[in-house]
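This report refers to the structure that appears directly beneath it.
The values are calculated or read from the model by the stated rules, or taken from the named source; none is laboratory data. In this text, all values refer to a predicted model and were calculated from it rather than measured experimentally. Here Cβ is always computed from backbone atoms with ideal geometry, including for glycine, and neighbour counts include all displayed protein chains.
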Amino acid sequence: MKSSRLCLGLLVAESVLVIVSWLMSAMRLEGVRSMLSSEGIRWFVGGFSDIIASPLLAWLLLLLIAVGSVVQSGVVSLFRNKGEMSFRDKLALRVACVFLALYALVICLLTLMPHAILLSAKGSLFPSAFSRSILPIVCFGVTLFSVVYGMMSGHKKTGEDVIDILSYGIRQGSSLIIVYILAIQLYASLRFVFMF
């Protein structure tokens, strides 16, 4: 319900911006471009894909996958239940922690060693390939932990179950993707109209 109101608000704001940009450009205000001009229409239609295909969209998708995998794999329900864990759950948790530790070790080797691959040319962590990819690295680690736990605990057994783990967050957060598309387009439209 909240996301639908937010989407409606973003659509109304975009529509108001289109009309205001046309009125302000008709008044010949300097530094304002109309979205209803030939330039504005070409920009909107021709640049739409480039506008929404930003790193923010990739980060949003990765976060949805990571959070959804934690929930769908059974890790969250494991910690919600205050009771005794079964032997299989304990074993699955230990194996998942081992996989996470190995993953962390590989990331450390790629970043902390002298002349490591993910360091910048000057040998620093910030800015570097590591700092630009910290969110994907964390999301992959969380997802790896969740999938291993789900498979080892017996909650998820087949390849289809793994796909279910990975896609659960995107299914649940699909409204956020729509909000993102509308919000990033409104932001880009504001930048186009007021040339900033």
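A few points about this structure:
- The sole residue among Leu135, Leu118 that is modelled with pLDDT under 95 and either touching a Ser or Thr at 6+ places or on another chain (Cβ under 7 Å) or within 25 Å of Leu61 (Cα to Cα) (or both) is Leu118.
- Yes/no for Val147 being in a helix (DSSP H, G or I), of a type in the set (Val, Ile, Thr) and touching a residue at least 40 places away in the same chain (Cβ under 8 Å): yes
Yes/no matrix, rows are residues, columns are (1) surrounded by fewer than 15 Cβ atoms within 10 Å (Cβ to Cβ); (2) over 19 Å from Gly154 (Cβ atoms); (3) of a type in the set (Gly, Ala, Ser); (4) touching a Cys at 6+ places or on another chain (Cβ under 9 Å):
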{"residue": "Ala66", "(1), (2), (3), (4)": "no, yes, yes, yes"}
{"residue": "Ser73", "(1), (2), (3), (4)": "no, no, yes, no"}
{"residue": "Val76", "(1), (2), (3), (4)": "yes, no, no, no"}
{"residue": "Val98", "(1), (2), (3), (4)": "yes, no, no, no"}
{"residue": "Ala101", "(1), (2), (3), (4)": "yes, yes, yes, no"}
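- Enumeration of residues in region 150-161 that are crowded, with 21+ Cβ neighbours inside 10 Å and assigned to a helix (DSSP H, G or I): Gly150, Ser153
- Among the residues of region 20-76, the one identified as free of Cβ contacts under 8 Å to residues at least 40 places away in the same chain and within 21 Å of Asp161 (Cβ to Cβ) is Val76.
- Pairs where the first residue, in region 83-102, is touching a residue at least 60 places away in the same chain (Cβ under 8 Å) and the second is exposed (fewer than 11 other Cβ atoms within 10 Å of the Cβ), C-beta under 7 Å, 6+ apart: none
- Of the residues screened, Glu14 is one that is in contact (Cβ under 8 Å) with a residue 40 or more places away in the chain and outside any loop (DSSP other than H, G, I, E, B).
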